[in-house]
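Below is one structure, written out as structure tokens; the observations come after it.
The values are calculated or read from the model by the stated rules, or taken from the named source; none is laboratory data. Predicted model only: the values in this text are computed from it and were never measured. Don't worry about glycine lacking a Cβ; one is built from the backbone with ideal geometry, like all the others, and counts go over all protein chains shown. Please note that ligands, DNA and RNA were not included when accessible areas were found on the heavy atoms of the full protein model with its side chains. Shrake-Rupley method; radii C 1.70, N 1.55, O 1.52, S 1.80 Å.
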Amino acid sequence: MNLHVKDLTVTHRGRTLVDVPELELQPRRPVTIVGESGSGKSLLAHTIMGTLPPELTARGSLLIDGQVLDIADMANRRRLWGRTLALLPQEPVLALDPTMRVGGQVAEGFPGFPARRREARSAAGTLLKALGLGASAQAYPHTLSGGMAQRAAFAAATIGQASVLIADEPSKGLDVGARDELAALLGRHVEVGGILLTITHDLELARQLGGEVLVMRDATVVEHGPAGQVLAEPSHSYTQRLIAAEPSHWTYPWMDRTAPAAEAPRLVSGRGLAKSFGGRTLFSDLSVAVRAGERLAISGPSGCGKTTLGNILLRLTAPDVGQVSHAAELGVGRLQKLYQDPALAFPPRATLGDGFRDLLRRHRLDPARLDELLPALRLQPELLGRLPGQVSGGELQRLAVIRAMLLEPALLFADEPTSRLDLITQEETICALMEQVDRQDCALVLVTHDESLAHAVAGRRLQLGQDTSTSRLAKTPA
Amino acid sequence: MGTEVSAQLDAAPPVKARLAPLAAVLRRRALQAVGVVLLVSTACFAIVQSLPGDIAFRIAAGRYGYDAVTASSAAAVRADLGLDQPAWQQLFGWWADVARLDLGKSLVTNADVGDELGLSLAASLQLAAAALLLACAFGTAAGAFAARHPGGLVDRATDAGVTLARAFPPFLLGLALILVFSVHLGVLPAAGHGDGGSIILPALTLAIGLAALFARVSRDTIAGILASDYVGFARTKGLSARLVYLRHVLRNAGVTLIAYLGVQALILIEGVVVIESLFGWPGLGHALVHAVFWRDLPMIQASALALALLVVAINTAADLAGLAADPRPRNRKAFQ
């Protein structure tokens, strides 16, 4: 069975969002589409699936399972869902019903459910066991880690034995271990003769999946070919830029920087810190100091307690055992935090300009500083007239950098500041951040699950949760 | 480094951990019930004491009729009921009686308050349950229809209906229903208890206002759920629209609606008092109004207490139902 897309376009009020003349998907040959946010790659996947929002207009034809379908009619794919076409959703934690046990959510995708309830139940149990989630069939989604939730969603999406699996940004928010597991799962679908289309901005996932890679930019495919070739020797300038945006390929002046002298004053010192959550010990007997001008990265897999440790060092959270002391220069406003999701760190119904005006007034800052910082972070002043929801995630995070840097902090705590951004936006954001950190000679504590980012940014690194198994999947027989 | 992570994520929580939230709810609500009893009984007592006129004269009128009220009959009442004691002694006496679950005797009829209260409570619960059932069924259905196409014709029509229903105070709505169905059409009795169809009008009056609130809340809740990621995923898993509704939409809407039900308990009880008086329904509200009129202190206190405890009981039931429907712990601290 093949899936053949012809002359696919998606438009919104005359603007073309996707324009792909031809796309061929075959069994045993995974296709991965990479590109930045807004390139149209996710829309392409949803057009094939038939889950496009009604305000967008799609055209073209789809040859699937020997029949030709009109792409414009979203409803004609509905009867294929679960049996022929399956979608592995973004953010599995949100895609699982919070009030239903995992086993039930997997079983309901079984063909013939609910009439064949008992068979569905046992099939779900078998599948979950094969994915290393046998004990979690009776668990509710909120008790699962991000990687476990992704495997549960995989089970729910594939129990209907659909041959075409479309994965939309499946590695978003996953740490390295969970990402590797995911690549193995998707690979298994391909091995048994399935068709796989993956949409991602994670080049490492694309490398692991292999097969064919398509690079999308501004609604069109700019380069395609075997994964090894496209990702190792890109011919298009955009692909080259995309690959150069991986933290391991960065070269910036702010990167080569000698560590601060040992006599630099300690800004924060934590001694004998311990913290546990719900009976789990995150860390114990841990001593950390941050000196003036130092760059420290705290890394480790999801759930290892890195954000908690950062919050303890900032005295936003109290440790179970141990003490944290701050130097006198960390007075009012000289300790700033950058949040993971900037959309949640700005009031949604106040314009950005209003927020900044209040900040300038509250701390009696010179408004000229804001006018200076906006171009320095490559932001247009017009953005200030908008609401936080009306600017992109990358722009909003850079505005958050300005908001923190206006106060000339002695220490900045950045909590996964780019984990929700694509590679190029991540590079822009980190550069903007580090240029300011460098100029103001401010100490930085960066929390990240991306080791290459930690390596690129920080002079000193602290890794948490080293002894956890990174691949629980590998231990269970397939 | 001294860091150790023992992941116990796979294991289901032990029974004791699962019962802990249940015990917490019961403990909190039990404490609340005790507080409510003390507060309401004291407030009732203070309010009756501060009413103008001599209580003994009013009670004597209730016992012997207005014509037979004299200074001596009032004095007899006063001595009989201990009304000449200082106020604080009467209050402490009442508290001690409540602690022994002895609600006393009616000052007017001399009947046991507990017995009378039982009958009123049953009648009130019957009315409240009927109203709640109607409101839930019609309100939620209207909200669900409106949520199918937010901003569509049905949505706007429901919105208008909700506004209209909320704009009518219950007593006016009750009168309007009596005028239409009892006076003009003559199909339903305007008052009474027990005989055919007498519950319909009071329950309907009470239900219309509540249904409007339910429609509003269920519309917003269901529209949000229909747009959620997990409903989208359920659809692409291949579930039929009916199964998605039954298995995911209703379940999640229920979590919000149950919590909302607890909040609405107060409005329900408040409505019961007004509606019962209007339709002559012999429930707690009716009993309270009559007891206030005759200054029947034990009856006032007992019925006010019953109404207050009813609110606590409904809230407890809503909390427990919420715990059963929603497995997520409240106030859970996120960690990374």
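Numbers for the structure displayed
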read-out	value
Hits among aspartates and glutamates - C-alpha to C-alpha of residue A:6 under 17 Å, sequence gap 8 or more where chains match	A:19, A:22, A:24, A:65, A:70, A:73
Surface accessible to a 1.4 Å probe, per residue, for the residues of the protein assembly as shown, Å²	45 Å²
Cut-off 14 Å, label 7 Å out along Cα→Cβ of residue B:320, residues of segment B:130-161 by amide N	none
Segment A:266-463: antiparallel DSSP beta bridges as a percent of all, rounded to 5	40 percent
Estimated distance in nm for a label pair at residue A:316 and residue A:371, the labels positioned 7 Å out from Cα along Cα-to-Cβ	3.3 nm
Degrees between helix A:367-376 axis and first principal axis of chain A (Cα, 0 to 90, nearest 10)	50 degrees
Accessible carbon and sulfur surface of segment A:266-463 relative to its total accessible area, %, 1.4 Å	47 percent
Percent antiparallel among DSSP beta bridges (both partners in chain A, rounded to 5)	55 percent
Relative contact order [Cα under 8 Å, 6+ residues apart], segment B:177-336, whole percent	22 percent
Among A:450-462, B:143-155, the order from most to least packed when residues are scored by Cβ within 10 Å on average	A:450-462, B:143-155
Listing of segment B:230-250 residues, each with accessible area lower by at least 40 Å² in the full protein assembly than in the chain alone (probe 1.4 Å)	B:230, B:233, B:236, B:237, B:243, B:247, B:248
Segment A:266-463, relative contact order in percent, only Cα pairs under 8 angstrom and at least six apart counted	32 percent
Solvent exposure, largest accessible area first (probe 1.4 Å, DNA, RNA and ligands not counted), of A:341, B:220	B:220, A:341
Per-residue average of Cβ from other chains inside 10 Å of A:137-148	3
The protein assembly as shown, helix-only ellipticity at 222 nm - DSSP H runs n ≥ 4, -39,500 (n - 2.57), divided by all residues, nearest 500	-15500 deg cm²/dmol
Solvent-accessible area, 1.4 Å probe, carbon plus sulfur percent, for segment A:45-104	54 percent
Potential extension, residue B:47-residue B:70 segment - 0.36 nm per residue separation minus Cα distance	5.8 nm
Aspartates and glutamates whose Cα lies under 20 Å from that of residue A:306, excluding same-chain neighbours fewer than 8 positions away	A:175, A:285, A:294, A:320, A:341, A:415, A:416, A:450, A:451, A:467, B:4
Ranking by accessible area, most exposed first, for A:357, B:235, A:151 with a 1.4 Å probe	A:357, B:235, A:151
With Cα atoms, 0 to 90° folded angle of helix A:146-158 axis to chain A main axis	10 degrees
Where A:251, B:236, A:16 fall by accessible area, highest first, once all protein chains stay in place (1.4 Å)	A:251, A:16, B:236
Spin-label pair residue A:323/residue B:179, simplified geometry with 7 Å Cα→Cβ offset, distance in nm	7.8 nm
Accessible area that becomes buried as B packs against A, both chains, 1.4 Å probe, Å², nearest 100	3800 Å²
Over chain B, relative contact order from alpha-carbon pairs under 8 Å, at least 6 apart, %	25 percent
Pairwise label distance in nanometres, residue A:122 with residue B:129, each label 7 Å out on the Cα-Cβ vector	4.3 nm
Angle in degrees between helix A:176-191 and the longest Cα principal axis of chain A, rounded to the nearest 10	10 degrees
